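A.B. asks: The following block contains the structure, expressed as structure tokens.
The values are calculated or read from the model by the stated rules, or taken from the named source; none is laboratory data. Here the structure is a predicted model, which is why all the values come from computation and not from measurement. All Cβ positions, glycine included, derive from the backbone under ideal geometry; neighbour counts span all protein chains shown.
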Amino acid sequence: MFDGGTVFALATCTGPGLDPVAFNAVLAAAADAFARAVVHGILAAGGAGGYRTYADVFPSAVQEWRR
């Protein structure tokens, strides 16, 4: 609720403000989108400098995702 990015995104709208229930729904959707983006980044990451990635350690966990 106090994330600056969310406040900025909502502040650029020209329509009326959201009621608290709708505002919380927007925040929940933003949190879900962020969580999915983090997971996708972890699954898509490649190793560097000899460090192994999640996909290197758990290849069967990412087989389905990488299709």
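A.B. asks: Taking segment 1-35 on its own, how many of its residues are at pLDDT below 75, more than 16 Å from the chain's Cα centre (by Cα) and not in a loop (DSSP other than H, G, I, E, B)?
C.D. replies: Going through segment 1-35 one residue at a time, the tally reaches 4.
A.B. asks: Sticking with this one: What are the pairs with Cβ atoms under 6 angstrom where one residue, in segment 19-48, is closer than 17 Å to residue 61 by Cα and the other, located anywhere, is of a type in the set (A, V, I, L, M, F, W, C)? Sequence gap at least six, or different chains.
C.D. replies: Pairs found: 43/62; 43/65.
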